[in-house]
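Read through the structure below, which is laid out as structure tokens, and then see the notes.
The values are calculated or read from the model by the stated rules, or taken from the named source; none is laboratory data. Not measured: the values here are computed from a predicted model. When we count neighbours, we look across all protein chains shown, and the Cβ atoms used for this are built from the backbone with ideal geometry, even at glycine.
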Amino acid sequence: MDPSSIVPLAEVTGDVTDAGKAIALGIGAGLGSIGAGIGVGFIFGKEIESVARQPELKGELQSIRWLGFALTEAVAFYTFIFALIAFFL
């Protein structure tokens, strides 16, 4: 099938597969970033709520918060890396 028959008013140049990969990279990295942002928001929100309820546990909760933050951000980096791998393979 000729790509110009699908979009008759525009001339299609270049490799359409590369364009599809670029779109998939943007969607994959974007969804991974949104998920990590929501996760980090939950972590910090719940930590603030916990400290408000039991201020004496602030030090213990802070270490747990940073661990959760690091793990959540690692997921965001993994989604970006997987998207790059899919783009270049």
Of the residues that make up the stretch 20-35, is at least one in a loop (DSSP other than H, G, I, E, B) and either at pLDDT 85 or above or out of contact with any Phe, Trp or Tyr (no Cβ under 9 Å at 6 or more places or on another chain) (or both)? no
With the first residue restricted to the stretch 17-40 and required to be under 18 Å from Ala74 (Cα atoms), and the second required to be among the polar types (S, T, N, Q) and at pLDDT below 85, Cβ contacts under 9 Å at 6 or more apart or on different chains are Gly28/Thr79; Ala29/Thr79; Leu31/Thr79; Gly32/Thr79; Ser33/Thr79; Gly35/Thr79; Ala36/Thr79
Picking from Ile64, Ile43, Ile85, the residue that is among the aliphatic types (A, V, I, L, M), in a helix (DSSP H, G or I), exposed (fewer than 12 other Cβ atoms within 10 Å of the Cβ) and at pLDDT 80 or above would be Ile85
Q) What about Thr79, is it in a helix (DSSP H, G or I) and under 26 Å from Thr17 (Cβ atoms)? A) yes
Meets criteria (more than 24 Å from the chain's Cα centre (by Cα), hydroxyl-bearing (Ser, Thr, Tyr), on the phi < 0 side of the Ramachandran plot and modelled with pLDDT under 80) for Ser5: yes
Being surrounded by fewer than 12 Cβ atoms within 10 Å (Cβ to Cβ), modelled with pLDDT under 90 and hydrophobic (A, V, I, L, M, F, W, C) narrows Val75, Val16 down to just Val16
